[in-house]
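Please treat every number below as a calculation from the coordinates, not as lab data. Note that the structure is a prediction, hence the values are computed from the model and not measured. A quick note on method: Cβ atoms are made from the backbone with ideal geometry, for glycine too, and the neighbour counts reach across all protein chains shown.
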Amino acid sequence: MVRFFAGLIGLFFSGMLLLGLADTIYLAITEPAEETAEHAFHEKAKDVSFAHDGPFGHYDQNQLQRGLKVYQEVCAACHSMNLVAFRNFEDLGYNEDQVKALAKNWATEVPSIDPNTGEATTRPGLPSDNIPSPYANEVMARAANNNALPPDLSLMAKARANGPAYIYSLLTGYQNQPAELLKQFPDAKTSDGLHYNPYFANLNIAMAPPLSAGQVEFDDGSPNDLKAMSKDVAAFLTWAAEPKMVARKQVGWGALIFLLIFTGLAYLSYRSIWADKKH
Amino acid sequence: MSFPWANQYKPKNPVMQWVDERLPLPRLVYNATGAGYPVPRNLNYFWNFGVLSGAALVIQIITGIVLAMHYYASVDGAFNSVEHIMRNVNSGWLIRYAHMNGASFFFIVVYIHIFRGLFYGSYKAPREMAWLLGVVIYLLMMATGFMGYVLPWGQMSYWGAQVITGFFSAIPIVGEPLRQWLLGGFAPDQATLSRFFSLHYLLPFVIAGVIILHIWSIHIPGSSNPTGVSVKGEEDTVPFHPYYTAKDGFGLGVFLIFFVIMAFFLPNAMGHPDNYIQANPLSTPAHIVPEWYYLPFYAILKAFTVDFAIPFTGIVIMPAKLMGVLALFGSILLLFFLPWLDTSPVRSGHYRPLFRKFFWFGLIPTVLVLGVCGAMPAEPMWVMLSQIASAYYFAHFLIILPIVSRIEKPLPLPGSITEAVTGKPLKAATA
């Protein structure tokens with residue numbers, strides 16, 4: 001009885017699936033899916049390597065400091081970084097006083113309450129503060145940016161597939177819309193207020209090209225062409241998203257070495273216990 | 001329970017004697033996972049995965065309890081509290097990545113454990129109860145894993161909850177009210193998050209309880225083995241301790257090596273980047289996909305594209321969506337009936353030439369293809385593949401297995417486990 005009903009149910013499900021298969025094939029032939037500009041012209045992130053790649057990789061502190069400068073002078077005008085605190089910049093090699101100065105001189109002040117009147121006001125940042133948003137709220141952010149919302153950058157390097165390379169590619173990927181694209185997809189012209197970038201999911205990004213060569217002067221005289229700055233800020237955002245990466249890899253090696261020894265010993269004891277038993 | 005030649009617990013230490021007379025808990029452990037449990041001597045490495053599943057559950061419970069001390073189940077605070085764990089809690093990143101990857105590893109070892117059972121016929125008499133309880137554990141794991149994935153309140157958390165609870169709305173008449181009752185609202189919100197957190201904390205302990213029953217039920221007939229031949233004498237078995245504790249110790253080491261590699265060096269490889277974006281009910285991700293361990297079932301769900309209807313009348317008896325949901329649940333529930341679908345008296349796939357072909361060239365590729373299809377967008381090629389694979393999946397269990405067990409001519413079985421291992425027959429005296 002069980003097998004009889006099971007067979008009927010099996011025939012029903014498999015039959016409906018094969019019917020669906022016929023339908024899918026029929027539809028694929030009669031109404032082939034139209035190619036889209038996003039599908040045809042979207043490009044995978046460029047190949048780019050960072051000091052923090054690989055199981056032994058760690059952050060290049062000088063690069064992170066340069067990346068912070070790019071973020072501070074350029075990105076921070078529109079993009080918040082809510083999850084990172086000023087005190088975290090000690091990880092980049094700054095001492096306590098430098099961090100205090102960084103917090104105090106940050107372009108945006110921290111929202112506060114006037115101790116005398118209780119009214120909303122702002123005060124200079126402290127190391128214990130998280131980095132303040134450039135906008136008080138989403139409405140203000142959209143109003144200032146042609147109704148587009150600049151996303152928070154704290155986790156950007158983890159919130160996109162292959163994040164660090166994606167950020168680098170996006171920043172260096174602005175270009176004119178290819179003539180080929182407009183020929184194939186006349187309706188896909190980048191509209192006013194948007195900018196063509198083949199690394200962005202739908203090819204048209206609201207953010208204007210944020211970086212241009214020589215825009216930020218580095219204290220250590222490092223190259224400040226577009227590629228170098230983009231790479232520096234991509235590294236910095238990777239740190240912002242994954243500040244414990246170096247500790248993680250170090251602990252990982254410790255755990256791995258311990259386990260290799262443990263497992264080797266466990267294997268030997270297994271072999272010696274079973275030595276007299278054929279199995 | 002167990003075999004007459006099993007070692008007896010005889011504590012020498014007076015304290016243990018005192019305890020044993022009053023509460024024979026050490027005796028229970030001794031008989032369950034100690035020297036008092038005789039186990040077939042010929043188990044291969046696939047038999048490590050039961051213990052590994054237990055180890056994975058322990059890792060999840062320990063890391064989970066610590067995470068719950070720092071996690072804050074609120075729609076405004078959940079996402080940031082997870083990041084607080086990652087950034088500010090001492091070694092919080094370790095605990096959280098261990099929990100996140102531990103879930104994947106729990107499913108990896110359980111899937112191997114399940115497919116070991118499928119190949120070696122561990123679901124057959126007299127071990128049906130262990131199999132049925134195993135399916136219950138698996139269902140509980142799926143519920144627990146799903147609710148756990150919602151807790152960080154990222155984009156995939158939110159939209160996964162939206163999609164999966166949406167299954168219930170496919171049920172006629174009561175579907176929509178049922179969905180709202182489960183969510184505590186019209187869409188995932190604070191009520192949903194709070195109850196999911198509560199249940200996510202509760203269910204692992206329910207799983208632990210069912211695991212005790214699962215182990216109990218396997219101790220009545222004793223463990224199965226790769227030949228599928230029942231234990232016939234003392235020579236066929238070895239005491240669990242030290243023989244299998246040693247082997248499991250080695251297996252646990254290998255498991256932890258893989259676990260450490262993923263959790264410390266590739267912690268986000270098995271996750272989805274969108275879950276690092278805070279949940280936003282107003283912005284739907286381009287592709288909503290569940291965690292990898294649900295992908296085969298997600299592919300089955302999406303494979304149903306045609307309504308069950310009376311042709312040319314427009315009368316729909318069963319819409320495609322409902323059928324997809326029924327098939328999704330059916331694809332797991334059919335495992336409950338497996339002991340009665342496969343009627344072959346031979347347990348091990350080694351001695352079943354036809355069964356073995358369908359297993360390796362039918363079932364295994366099908367499940368892998370479904371897993372890939374589940375992650376893919378609904379483009380015709382992937383839909384076709386998942387339709388073929390889903391059709392095979394149901395046919396395999398519900399049609400092919402019953403027929404195969406009827407027409408197949410099994411290979412000759414060894415006389416005993418000892419004979420299979422040593423080539424010499426079991427001594428008559430112990431038989």
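Here the relative contact order of chain A, from alpha carbon pairs under 8 Å that lie six or more residues apart, stands at 23 percent. Eigen-decomposition of the gyration tensor built on the alpha-carbon atoms of the range B:82-237 gives equivalent ellipsoid semi-axes of 37, 22, 12 angstrom, largest listed first. Each 10 Å bin from zero holds the following percent of Cα-Cα pairs in the protein assembly as shown: 3, 11, 19, 22, 19, 13, 8, 4, 1, 0. Per residue, the average separation of C-alpha pairs within less than 8 Å and at least 6 apart gives the range B:255-370 a relative contact order of 20 percent.
Considering only trypsin sites (Lys or Arg not before Pro) in DSSP loops that have at most 12 other Cβ atoms within 10 Å, the longest stretch of chain B without any of them is B:13-426.
Note: relative contact order over chain B, using C-alpha pairs below 8 Å and six or more positions apart, is 21 percent. Taking 10 °C and 1.306 mPa s as conditions, chain B diffuses translationally at an estimated 66 µm²/s according to Stokes-Einstein applied to its Kirkwood radius (Cα pairs). Summed over all non-identical Cα pairs, the Kirkwood treatment of the range A:124-279 gives a radius of 20.4 Å. If R0 is 22 Å, the Cβ-Cβ spacing of B:Met69 and B:Ser283 corresponds to a FRET efficiency of close to 0.10. Each part reduced to its alpha carbon centroid, the range A:230-279 and the range B:198-253 end up 27 Å apart. Computing Rg and the Kirkwood Rh from the Cα coordinates of the range B:11-97 gives a ratio, Rg/Rh, of 1.23. Taking 45 Å as R0, compute the FRET efficiency from the Cβ-Cβ separation of A:Phe4 and B:Ser198 and round it to 0.05. Once rounded, the FRET efficiency stands at 0.60. Please work out the ratio of the alpha-carbon Rg of the range B:269-385 to 2.2 N^0.38 Å and round it to two decimals. That ratio works out to 1.37. Please list, short to long, the whole-number percent of alpha-carbon pairs of the range B:150-217 in consecutive 5 angstrom bins beginning at zero. Calculated over all Cα pairs of the range B:150-217, the distribution is 4, 16, 20, 19, 14, 12, 9, 5, 1 percent. In the protein assembly as shown, the calculated helix contribution to ellipticity at 222 nm averages -16500 deg cm²/dmol per residue, counting -39,500 (n - 2.57) for every DSSP H run with n ≥ 4.
With the simple model of a label 7 Å out from the Cα in the direction of the Cβ, A:Leu226 to B:Ala191 spans 5.3 nm. The label point for A:Ala208 and the one for B:Thr313, both projected 7 Å from the Cα toward the Cβ, are 6.5 nm apart.
The simple spin-label model puts a point 7 Å past each Cα toward its Cβ; for A:Glu217 and A:Thr30 those points are separated by 7.0 nm. Given in Å, the Rg to one decimal and the Dmax to the nearest whole number for the Cα atoms of the range A:3-135 are 28.5, 83. For chain B, hydrophobic long helices are taken as DSSP H runs at least 24 Å long by C-alpha position along their axis with mean Kyte-Doolittle hydropathy of -1.0 or more; these are B:49-70, B:92-119, B:128-150, B:190-219.
Averaging Cα coordinates gives a centre for the range A:150-176 and one for the range B:109-188; these two points are 35 Å apart.
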